């Protein structure tokens, strides 16, 4: 009982950051970086716009929230609020899978690439790196 009261006291002071669901309370932030195969600069113009739409659809379908999305010509920064159910690798796989299929269908020049995305992905949590640090990093990358 004392432990429960202590947890409730901690959570009530930080209520705006935590998401309350039926059986869980969480605040899960991932910084995920996806890179195009061979760092080809193909995520520009209409490809960029279509990719943004695809990512937003996948996020909405899975009841996640985008904190920040920065699409560079050869990589994507995704700073996302997740729930405790998917692994971070599942998030990247869902986005890579859907976007690769849909973008290659919509833009024939992408079919020439052996694959749209590399197998490598970067993952970080906001618990290890502060939210401000990640936002500054993305802002700096967006200006380059």
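The values are calculated or read from the model by the stated rules, or taken from the named source; none is laboratory data. Not measured: the values here are computed from a predicted model. When we count neighbours, we look across all protein chains shown, and the Cβ atoms used for this are built from the backbone with ideal geometry, even at glycine.
Of note:
- Residue match in the range 76-96 (condition: within 14 Å of residue 43 (Cα to Cα) and in contact with a helix residue (DSSP H, G or I) (Cβ under 6 Å, 6 or more places away or on another chain)): yes
Residue-by-condition table, conditions (1) assigned to a loop (DSSP other than H, G, I, E, B); (2) touching a strand residue (DSSP E or B) at 6+ places or on another chain (Cβ under 6 Å); (3) in contact (Cβ under 8 Å) with a residue 40 or more places away in the chain:
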| residue | (1), (2), (3) |
| --- | --- |
| 35 | no, yes, yes |
| 43 | yes, yes, no |
| 46 | no, no, yes |
| 77 | no, yes, yes |
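- Matching residues in the range 22-41 - criterion: being surrounded by 13 or more Cβ atoms within 10 Å (Cβ to Cβ) and modelled with pLDDT of 90 or more: 28, 29, 30, 31, 32, 33, 34, 35, 36, 37, 40
- Summed over the range 48-73, residues that are more than 10 Å from the chain's Cα centre (by Cα), part of a loop (DSSP other than H, G, I, E, B) and surrounded by 15 or more Cβ atoms within 10 Å (Cβ to Cβ) total 2.
- Selection within the range 77-118 - surrounded by fewer than 14 Cβ atoms within 10 Å (Cβ to Cβ) and more than 16 Å from the chain's Cα centre (by Cα): 101, 105, 106, 108, 109, 111, 112, 114, 115
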